[in-house]
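Undergrad: Sharing a structure below in structure tokens format, with a few things to ask.
The values are calculated or read from the model by the stated rules, or taken from the named source; none is laboratory data. Please read all numbers here as calculations on a predicted model, not as lab measurements. Heads up, the Cβs are rebuilt from the backbone with ideal geometry, glycines too, and the neighbour counts pull from every protein chain shown.
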Amino acid sequence: MADAERQLAVEGAQRVRVAVCAIVAGVFFFGGQLWVATIAAKEQTVGLLQGLTPAFHHLAVAAVDPRTVHENFLVNHQVALIVAFVLSYLVGAGAMVVPLRYLAAAERLRSAAPSPFIGYLASYGPVFVAVAWPAYEVSLVIGAHGYLSGSARDAAAITAASGGGVRIALQLLLTLGTLAVAGAFIMVSMRAMRVGLLTRMMGTVGIIAGVLFLIPLTPLPVVQALWLVFFGAMLLNFGNRPLPEAWMVAEARPWPPRQNARPPRQPRAAREPSVGRGLRRGAAASPPVPAPAAPRGPSPSASKKRKRRR
């Protein structure tokens, strides 16, 4: 009991700091990606006809590879791209560690079957992404400088400038980090929703945000950023909305099951009143008995015949 009360006191003391980190993570993660997309929109694209130009001239490879345009773009916009990646990942993704670890620790306190693996995902996944993405972008810029400073402009030279063991290791680290971040969002949101730390809407949006790390259906991380900002606003009681009850106690407070808005439709026989069914059954079993006819009195012709006989 003392450990639970101590944990509640720690959660209350860290709540404002965690909320600020969550909002900063959402704003910088989305803002940096928006900046990168704005810069990338200025790049001159290499079309299909440009790629097939050497074949039209009966050449196996082009003397100047069409991807040289991209290398020039990287060098001309290197400062803006590096700053945008640093803000989006080193600041934005790095700040995700604080709210994810905080929520994972709160869920572990209230869960009947706690899992330390979720805490590892929340702690190390964002760090891998925060370090690997800016490093990978810097390596691409360095490779572009080396390519443009050389004399060769063929496909072999540009492949050597954009490849190499270091970049392959960074790509592997990026893949592992992205998987860890997606797993952290999905598992933390789902388990926190089960114990009552997140509402059903917040839990569902968090699960969707984790899936979008793996399957980016949108060019910008809108859902991920919104979940982080909304989580920070929830911790700050934005709009005077109270926190879920599970935050006030050291035990789970699962949400009640949803009630069906419309009751199940009953069969027609069950909806009919029993009296009506009894009347119809009686009518079908025995036909109605006719009422007895009233007795008839003596006819006037018979009385006249008796008088004549007298």
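Undergrad: Could you list all residues from the stretch 207-231 that are more than 18 Å from residue 89 (Cα to Cα) and modelled with pLDDT of 95 or more?
TA: Scanning the stretch 207-231 gives 207, 208, 211, 230, 231.
Undergrad: Counting only residues that are outside any helix (DSSP H, G or I), without any contact (Cβ under 8 Å) to a residue 24 or more places away in the chain and of a type outside the set (S, T, N, Q), how many does the stretch 132-163 have? It would help to see each step written out before you state the result.
TA: Narrowing the stretch 132-163 to residues outside any helix (DSSP H, G or I): 150-154, 163.
Add one more test, that the residue is without any contact (Cβ under 8 Å) to a residue 24 or more places away in the chain, and what stays is 150-152, 163.
From what is left, the residues that are of a type outside the set (S, T, N, Q) are 150, 152, 163.
Of the residues in the stretch 132-163, 3 are outside any helix (DSSP H, G or I), without any contact (Cβ under 8 Å) to a residue 24 or more places away in the chain and of a type outside the set (S, T, N, Q).
Undergrad: When the residues of the stretch 198-253 are filtered to those that are β-branched (Val, Ile, Thr) and assigned to a loop (DSSP other than H, G, I, E, B), which remaining residue is farthest from residue 28 (Cα to Cα)?
TA: If we take residues in the stretch 198-253 being β-branched (Val, Ile, Thr) and assigned to a loop (DSSP other than H, G, I, E, B), then 249 is farthest from residue 28 (Cα to Cα).
Undergrad: Let me ask you something else. Please list, ordered by first then second residue, the pairs with beta carbon atoms under 9 Å, 6 or more apart or interchain, first in the stretch 227-253 and closer than 20 Å to residue 184 by Cα, second assigned to a helix (DSSP H, G or I) and among the aromatic types (Phe, Trp, Tyr).
TA: Every condition considered, the pairs that remain are 227/185; 228/29; 228/30; 229/30; 230/238; 232/238; 235/102; 235/247.
Undergrad: Another question, if that's okay. Please verify whether the stretch 153-169 includes one or more residues that are over 23 Å from the mean Cα position of the chain (by Cα), buried (at least 16 other Cβ atoms within 10 Å of the Cβ), within 15 Å of residue 89 (Cβ to Cβ) and β-branched (Val, Ile, Thr).
TA: Looking through the stretch 153-169, none of the residues is over 23 Å from the mean Cα position of the chain (by Cα), buried (at least 16 other Cβ atoms within 10 Å of the Cβ), within 15 Å of residue 89 (Cβ to Cβ) and β-branched (Val, Ile, Thr).
Undergrad: Got at least one residue in the stretch 103-114 being in contact with an Asp or Glu (Cβ under 9 Å, 6 or more places away or on another chain), under 25 Å from residue 252 (Cα atoms) and surrounded by fewer than 16 Cβ atoms within 10 Å (Cβ to Cβ)?
TA: Among the residues of the stretch 103-114, at least one is in contact with an Asp or Glu (Cβ under 9 Å, 6 or more places away or on another chain), under 25 Å from residue 252 (Cα atoms) and surrounded by fewer than 16 Cβ atoms within 10 Å (Cβ to Cβ), which makes the answer yes.
Undergrad: Read through the list (1) modelled with pLDDT under 90; (2) within 29 Å of residue 236 (Cβ to Cβ); (3) over 23 Å from the mean Cα position of the chain (by Cα), then give the number of the only condition that residue 115 fails.
TA: (3)
Undergrad: Follow-up. If I ask for residues that are of a type in the set (Phe, Trp, Tyr) and over 30 Å from residue 108 (Cβ atoms), which ones from the stretch 137-194 would you list?
TA: 147
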